[in-house]
Amino acid sequence: GAVVSQHPSWVICKSGTSVKIECRSLDFQATTMFWYRQFPKQSLMLMATSNEGSKATYEQGVEKDKFLINHASLTLSTLTVTSAHPEDSSFYICSARGQGHEKLFFGSGTQLSVL
Amino acid sequence: GENVEQHPSTLSVQEGDSAVIKCTYSDSASNYFPWYKQELGKRPQLIIDIRSNVGEKKDQRIAVTLNKTAKHFSLHITETQPEDSAVYFCAASRPELSFGAGTTVTVRA
């Protein structure tokens with residue numbers, strides 16, 4: 001299957017700082033990438049959908065000014081959590097899909113802890 | 001939007017027995033139904049998927065059935081093994097994926 005790399009795998013930061021998470025498709029061109037948030041023992045909640053070269057589409061209730069998404073190339077999308085607060089602590093995971101393909105491949109996830 | 005419901009939330013089975021997880025979806029436009037297995041702290045892994053023009057698909061011990069009329073689809077795991085213990089998620093695609101709440105499967109040795 002296709003490989004999606006996500007970094008960092010975990011990060012601890014102070015409240016008020018910003019954190020950037022990278023998601024890369026290593027062996028295919030990801031025309032669409034998705035960002036999810038997952039709390040312990042819960043399902044994956046879609047935060048936003050990004051298409052290469054265009055603005056991300058955010059799900060209802062997700063602050064676009066707080067969760068900045070950039071998908072500047074066919075192999076890289078980034079999620080920046082700005083002015084992070086303890087309630088932003090969560091497992092963030094990306095997924096990617098190639099054009100014309102249905103299968104979705106997931107990154108390894110990033111555990112964010114905001115102190 | 002799409003609403004995917006998944007049952008049960010937890011499932012404990014004896015090794016060798018079968019496990020069945022059921023999902024329903026609301027949007028008749030959904031046409032792709034993948035199932036993912038997620039171990040603690042790891043990424044979801046696609047284990048099997050089915051498209052709306054197919055009623056059943058099997059891959060070794062795993063099978064998925066789809067009833068498009070009733071908007072139901074199910075995952076069947078036969079001859080369960082301890083390594084099948086994980087959280088399983090169903091999803092429906094429009095093409096954006098909407099996930100079920102997950103089923104924690106525990107296989108007792």
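The values are calculated or read from the model by the stated rules, or taken from the named source; none is laboratory data. Predicted model, so just to flag it, every value in this text is computed and none were measured. Cβ: placed from backbone, ideal geometry, glycine included. Neighbour counts: every protein chain shown.
Against the list (1) over 13 Å from the mean Cα position of the chain (by Cα); (2) within 25 Å of A:Gly100 (Cα to Cα); (3) crowded, with 17+ Cβ neighbours inside 10 Å; (4) touching a residue at least 60 places away in the same chain (Cβ under 8 Å), the condition B:Phe99 fails is (1). Flag set for A:Thr49, criterion: within 11 Å of chain B (Cβ to nearest Cβ), among the β-branched types (Val, Ile, Thr) and surrounded by 13 or more Cβ atoms within 10 Å (Cβ to Cβ). Of all the numbered requirements in (1) within 14 Å of chain A (Cβ to nearest Cβ); (2) under 15 Å from the mean Cα position of the chain (by Cα); (3) surrounded by fewer than 19 Cβ atoms within 10 Å (Cβ to Cβ), B:Gln38 misses one, and that requirement is (3).
For every residue, the table says whether it meets (1) of a type outside the set (A, V, I, L, M); (2) more than 14 Å from chain A (Cβ to nearest Cβ).
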site	(1), (2)
B:Glu56	yes, yes
B:Ala92	no, no
B:Gly102	yes, no
B:Ala109	no, yes
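Of these, A:Ser25, A:Ser15, A:Ser54, which one is among the small types (Gly, Ala, Ser) and within 15 Å of the chain's Cα centre (by Cα)? Only one candidate qualifies: A:Ser25. Suppose the filter is away from chain A (no Cβ under 14 Å), out of contact with any helix residue (DSSP H, G or I) (no Cβ under 9 Å at 6 or more places or on another chain) and surrounded by 14 or more Cβ atoms within 10 Å (Cβ to Cβ); does B:Ser85 pass it? Against the criterion (away from chain A (no Cβ under 14 Å), out of contact with any helix residue (DSSP H, G or I) (no Cβ under 9 Å at 6 or more places or on another chain) and surrounded by 14 or more Cβ atoms within 10 Å (Cβ to Cβ)), B:Ser85 qualifies. Residue count for the stretch B:57-78 under the criterion of being in contact with a strand residue (DSSP E or B) (Cβ under 9 Å, 6 or more places away or on another chain), surrounded by 13 or more Cβ atoms within 10 Å (Cβ to Cβ) and on the phi < 0 side of the Ramachandran plot: the result is 14. When the stretch B:71-108 is filtered for residues that are out of contact with any Ser or Thr (no Cβ under 8 Å at 6 or more places or on another chain), under 17 Å from B:Thr24 (Cα atoms) and modelled with pLDDT of 95 or more, the ones remaining, listed by number, are B:Leu75, B:Cys90.
Hey, can you tell me all the residues within the stretch A:79-94 that are under 23 Å from B:Lys42 (Cβ atoms) and either buried (at least 19 other Cβ atoms within 10 Å of the Cβ) or of a type in the set (Lys, Arg) (or both)? Once the filter is applied, which keeps residues that are under 23 Å from B:Lys42 (Cβ atoms) and either buried (at least 19 other Cβ atoms within 10 Å of the Cβ) or of a type in the set (Lys, Arg) (or both), the stretch A:79-94 yields A:Leu79, A:Val81, A:Asp88, A:Ser90, A:Tyr92, A:Ile93, A:Cys94. Note down all Cβ pairs under 7 Å where the first residue falls in the stretch B:82-95 and is assigned to a helix (DSSP H, G or I), the second is β-branched (Val, Ile, Thr), and they're at least six residues apart or on different chains. As it stands, the answer is B:Pro82/B:Val107; B:Asp84/B:Ile77; B:Asp84/B:Val105; B:Asp84/B:Val107, since those pairs meet every condition given. Restricting the stretch A:52-78 to residues that are over 19 Å from A:Phe28 (Cβ atoms) and in contact (Cβ under 8 Å) with a residue 24 or more places away in the chain, the residue that is surrounded by the most Cβ atoms within 10 Å (Cβ to Cβ) is A:Ile69. Looking at B:Phe73, is it more than 14 Å from chain A (Cβ to nearest Cβ) and of a type in the set (Phe, Trp, Tyr)? Criteria met by B:Phe73. Can you tell me which residue is nearest to the other protein chains (Cβ to nearest Cβ) among those in the stretch A:30-44 that are at negative phi and surrounded by fewer than 15 Cβ atoms within 10 Å (Cβ to Cβ)? Checked the stretch A:30-44; the qualifying residue nearest to the other protein chains (Cβ to nearest Cβ) is A:Gln42.
Among the residues making up the stretch A:34-86, a single one is within 30 Å of B:His7 (Cα to Cα), in contact with an Asp or Glu (Cβ under 8 Å, 6 or more places away or on another chain) and among the β-branched types (Val, Ile, Thr): A:Thr49.
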